[in-house]
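Asks: Sharing a structure below in structure tokens format, with a few things to ask.
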Amino acid sequence: MIRSARLLALAALMALAASGCFFLPSTARQQAADPGSLRWWCTASNLPDLDASDCRRESGQLDVALGAAYRYPHAADAKAAGATAHAYAAGIGARFVFAAPHAFSFGDPDTLLYTGTAGTAQLAGLEWNVPGTAAPAGFAGSHDRWTQGTAGVWTLRVWIVRPFERQDDVFATSHPCLASTGPVFSLTAACSTSTHPQPLQILVTNDDGYDAPGIDAVVEGLRGLPGVQVSVIAPLENQSGAGGQTTDGPLSASSRHTLSGYPVTAVDGYPADSVIYAIRDLHLNPDLVVSGLNAGQNLGPVVNVSGTVGAARRGTRYFIPALASSQGFGAGGAPEDYPTGVQAVLAWVRDFRLGRAGPPFQTVANLNVPTCAAGSSPRGTVLVPPAAALDGRHYGPSDCTSTQTKPADDVDGFDWGYITLSDVGAG
């Protein structure tokens with residue numbers, strides 16, 4: 001029964017990937033910037049790089065494989081689907097076996113690897129086990145490394161899940177951050193830096209314009225993170241309320257600087273145009289889009305007219321994970337508390353890098369941070385759905401001294417002094 005269900009899911013995944021509507025990094029990312037460039041999954045430190053044709057085919061196969069695995073982000077999900085758990089082992093993690101060894105299909109890994117056997121353990125890798133007298137043809141190209149075990153079964157592991165990617169060798173047999181003492185969740189540990197030799201490429205944009213204080217604060221905060229490279233492509237003028245609008249035809253841009261002096265490409269167009277220009281004209285290929293910090297909250301039904309959200313949603317058209325971030329207005333005209341907003345953005349980016357935010361958990365993450373009155377601070381972060389309507393509720397500022405709990409949506413949460421995080425979808 002499980003095997004049949006998985007094959008049906010595989011067919012759906014392949015159809016989505018072929019239609020270009022599947023939220024995965026590989027194929028579209030490979031083609032989004034310079035078509036002749038190779039992404040990390042097509043290279044290996046000890047092997048020749050794949051040619052462009054094999055890279056395209058392998059990328060599509062990895063899309064489908066990762067999509068199949070993302071259905072089970074935690075060990076509890078695999079267990080609920082009938083997988084059999086095996087004890088944690090150094091370099092491999094805890095193996096959750098869905099099916100006996102069978103013929104190779106890139107979209108049907110028979111085993112998933114987790115950071116432990118507890119229900120909250122994170123997905124770490126994928127594994128195939130295939131019987132035969134010779135190694136299977138496997139993935140496109142010559143990088144996949146099959147090892148022969150007992151009873152003539154060949155095993156292949158793939159490391160494409162944050163934070164256990166192996167940019168040095170996606171088909172390595174093991175991962176050093178799955179240590180004998182347990183998984184290592186540290187972005188600066190040697191096991192992490194050795195397997196992530198390339199910096200995380202972050203594209204920063206907004207809708208308030210390139211010279212707004214919110215985007216300046218975010219850029220300066222992101223620049224302080226280890227292993228990060230920041231590119232800023234933002235509107236030339238304030239485009240608040242532009243939603244996801246785009247400009248027909250060519251776009252023009254000029255070189256400018258943020259308030260703190262960081263280089264910016266300022267695009268004469270809408271917020272979504274800035275993302276288009278970054279990918280189409282500058283041939284950037286970011287790992288993440290961060291839009292904001294916006295001056296003022298973007299909640300509930302307002303997200304559909306928000307240029308901040310519109311720019312983030314445009315990133316997903318290129319299969320790039322995206323965060324829209326907004327700093328709420330203060331009471332009585334008090335200035336926006338951007339330092340608090342920056343810390344919330346950095347916390348989300350850290351969770352993203354550790355595999356705890358972004359796909360498969362959110363399509364477009366929408367973060368709203370209160371500006372609290374003097375002497376108070378946000379009450380924490382809540383994961384809530386976006387409100388369908390205001391229903392007579394006021395639209396901030398936040399009451400950070402509220403004692404109300406269990407908000408139903410982002411408007412409740414924000415009004416009651418919480419930092420709200422919602423998935424607002426691709427629009």
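The values are calculated or read from the model by the stated rules, or taken from the named source; none is laboratory data. Not measured: the values here are computed from a predicted model. So basically every Cβ, Gly included, is an ideal-geometry build from the backbone, and we count neighbours across all protein chains shown.
Asks: Kindly check whether there is at least one residue in the range 194-204 that is at pLDDT 95 or above, assigned to a loop (DSSP other than H, G, I, E, B) and either of a type in the set (S, T, N, Q) or within 30 Å of PRO271 (Cα to Cα) (or both).
Replies: no
Asks: In addition: Consider only pairs whose beta carbons are under 8 Å apart and that are at least six residues apart or on different chains; among these, list those whose first residue lies in the range 333-346 and is at negative phi and of a type in the set (Asp, Glu) and whose second residue is assigned to a helix (DSSP H, G or I) and surrounded by 15 or more Cβ atoms within 10 Å (Cβ to Cβ).
Replies: What qualifies is GLU336/PRO213; GLU336/GLY214.
Asks: Scan (1) in a helix (DSSP H, G or I); (2) of a type outside the set (Asp, Glu); (3) within 15 Å of the chain's Cα centre (by Cα); (4) under 19 Å from VAL232 (Cα atoms) for the single condition ARG350 breaks and write down its number.
Replies: Failing condition for ARG350: (4).
Asks: Any residue in the range 232-247 that's at positive phi: show its pairings with residues that are assigned to a loop (DSSP other than H, G, I, E, B) at Cβ separation under 7 Å, as long as the two are six or more apart or on different chains.
Replies: GLY243/SER306
Asks: Is there any pair with a first residue in the range 205-229 that is modelled with pLDDT under 95 and a second that is among the aliphatic types (A, V, I, L, M) whose Cβ atoms are under 7 Å apart and which are 6 or more apart or on different chains, and what are they?
Replies: PRO226/LEU187; GLY227/LEU187; GLY227/LEU200
Asks: Sort out for me the helices (runs of 4 or more DSSP H) sitting completely within the range 1-115 that have 2 or more residues that are assigned by TED's automatic domain parsing to the domain that holds PRO136 and at pLDDT below 90.
Replies: Passing ranges, in order: 2-19, 26-32, 52-69.
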